1. From Ser631, Ser582, grab the single residue that is crowded, with 20+ Cβ neighbours inside 10 Å and under 25 Å from Ile535 (Cα atoms).
2. Report, by residue number, each residue of the range 509-535 that is more than 19 Å from the chain's Cα centre (by Cα) and more than 20 Å from His562 (Cβ to Cβ).
3. Scan the range 140-170 residue by residue and report those that are farther than 13 Å from Asp108 by Cα and in contact with a Leu (Cβ under 8 Å, 6 or more places away or on another chain).
4. Against the definition (crowded, with 21+ Cβ neighbours inside 10 Å, at positive phi and touching a residue at least 12 places away in the same chain (Cβ under 8 Å)), how does Gly503 come out, yes or no?
5. Can you pull out every residue in the range 190-215 that is farther than 24 Å from Tyr670 by Cα and not in a helix (DSSP H, G or I)?
6. Please count how many residues of the range 617-646 are free of Cβ contacts under 8 Å to residues at least 40 places away in the same chain and part of a strand (DSSP E or B).
7. Go through Pro187, Pro239 for me and flag whichever is at pLDDT 90 or above and either in a loop (DSSP other than H, G, I, E, B) or not assigned by TED's automatic domain parsing to the domain that holds Ile126 (or both).
8. Test each condition in (1) crowded, with 17+ Cβ neighbours inside 10 Å; (2) over 26 Å from Val186 (Cα atoms) for Val287 and report the one that comes out false.
Amino acid sequence: MLFYPTLKMRASLAVLAVVLNFAAAPLLRAAAPASLPAPIPVQAGAAADQAAIYPFQPAAGKSTGGAVLIVPSGGTASNPNGEGAQLARWLNERGVAGFVLRGAATADDVNRALQHLRADAAGLKISPQRIGLLGFADGAALAADAAYNHQIAANPAAADPLEKISSRPDFMALIWGSAAPGAGAVPPPATFLVGSSSTADGQAGMVDLWTLLRGARVPVDAHFFAKAAAGSGLGGDNPSLGSWPETFLTWAKFMGFLTDGPRVPLKGVVTIDGRTIPHGYLILTPVDFVGAGPIAAQILNSTANVPMGQFSVPANLGAVPGRYRVDVRENMTRWLSNSFTNGLTSGNSPAAVTFGHYRPLAPSVADQLSFTKVRPGDKQDYIVEIKPDAAANLDLNISVFSSDSPAPPPYGDTVTMKGAPSGGLLNGAQNPGQIAYLDQLNHTPPGPVPGIPEPILLWPEGAPGAVADANGVFTDEDKPAIYAFPAPAAGNTGAAVLVLPGGAFTNRGMDNEGVQIAKFLNRHGIAGFVLRYRIGANYGYRPPNSMPVLDAHRAMQYVRAHAADFKISPERIGTIGFSAGSELEGDAFFNSVLPGDPAAADPLDRVTTRANFNILIYGGRNLTPATAAASPTTFLFNTIEDNGHLGVEVSVVNSLRAAGTPVEAHWYQYGPHGTSMSLGDPELGQWPELMVKWLKTGGWLAAKPAAK
């Protein structure tokens, strides 16, 4: 059965017209330069300049058993870009064996090398089931061609012992290069891609390959940088490019390629002070072994018919049995900051109109909270034992407390909201999730938490298009505003970001996609401004009559006009949007940018709404060629699992690439929609730091910004 139909993909594959007739033989080690270990000839009796493997081993007792065959560009083991020995030694320090393939000229060289490693796995102290293949530039093209189009299947009847062994790599990494799978290609292994999104760098085949792999449901993580020539190697001094080795290692560990232990599924409920959390993470870090974990269990509940606080991890991403250190990360104390998503928030019923005005979407947690002990005063960390029996791990109850005092009483059965206006009581909750949500509100003080600044009204005299309630009152939800978080004086970079929380335009995630983003930016010397934009049921959100777009434009104008007051540069102000916030970002800061009207009566209307850079997190809007060409440099993050929001990001990247606009995208395989920063998650928690490195690379955190 053919895995691929006809494919048209570009690849820069340099293959010499030399075919070697290999014979089975014991592994031999020839002389080598003092800086390199003795090589293992790929072919018995091979000449010194023919294909050979340089073995680099971790220190005794440090090995995970994982291994990587490295195919450098140009076939040089001591590649000046660090693609050979330097990377192998870097892997060794992290418990992974590195084998550098020197002088490979054909796909057979690569396949034969893989067979050698698997045949001598015991002698090399590696696992024969965890051997990866990593190539750079033309070495990546050669590696991909070998794995896709010339892979050697195990032949038990072969006379040559090596031919009895499969050459299929257990995982692959292609760096700055790729090859096109042919019509008869075998299903590829899980793949890690690092490439350039710039058409000038000639790596369009990598983007095509990513599209093909995800369409074929092959697990694939992809990291595309704004500019990265084929000789970029380990990234050198470039903060963005230099992030890929650590990202690759994290991926290999997350996917289970650095442990032989069986993985078991996990399921359970997390409580803090006896009450389940609506949004957060359970991070489990191994205590007694290496190569597995950390395991991240996401708690991203809504008010659907799902128990609040429940987490679930499938077996393929689960934990290896053993002891784990617990870290509970709390992002919110109430789902979407005391909003409520059901029929009461939409339509024209009295309840919908009333609640549409009432909902006080103020922050409830200023920053992500971390609980690593059962109680703060405990001397020991919180440790759990994951059992080998899978069924034993499907009822994990993780309970932590914010103080050393007795816990508050458990949930009651109340279904009303304290403090709601007359007629706004939320009676008749429809399922257990909504009941738990409403009870949470009854135990959560209304309004913002301490430390949150007073919102700055964007129209102090009343916003255009504001809709009063039945009593003629304009509530906070009718008054667009920003929460200003200036960067600390020490370390202030002068850069700023306007933060647009998500929430489907019916709610706003003011905690995890708002204040916590601003706080994270502050830790990196960047000012953050969280927008409280207007939402349904009383306001439309699609142009040309979008109140959120009007609010977003006004917020950018306000921040830029007051740049001196906030001690920021008016030419280094960007935006970041999440889900609906990223759609708003697309509408306001890509497709309907205002240049500013010098003759306007209102001074703020004289200021341009153009952002200097944009950051799209799981969402966006389609762009026209004109808007793509006029757009600033852009950073994107999403997961393939978030299929409903990935398509528009792919469209944005393709539009920006075609227009020559610099764009960096980080697309992971696993992870649902709405993961926010995911701090503590070894995989998804990478993107905030990758974003900061992107900002540094672009010059936005320096005195002089980059062009465009």
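The values are calculated or read from the model by the stated rules, or taken from the named source; none is laboratory data. This is a predicted model, so every value here is computed, not measured. Don't worry about glycine lacking a Cβ; one is built from the backbone with ideal geometry, like all the others, and counts go over all protein chains shown.
1. Numbers: Ser631 fails: under 25 Å from Ile535 (Cα atoms).
Going through Ser631, Ser582 in turn, the sole match is Ser582.
2. Within the range 509-535, Met510, Arg523, Arg534, Ile535 qualify.
3. Ala140, Ala141, Pro169
4. yes
5. Ser198, Gly202, Gln203
6. Of the residues in the range 617-646, 3 are free of Cβ contacts under 8 Å to residues at least 40 places away in the same chain and part of a strand (DSSP E or B).
7. One residue alone meets the criteria, Pro239.
8. The failed condition is (1).
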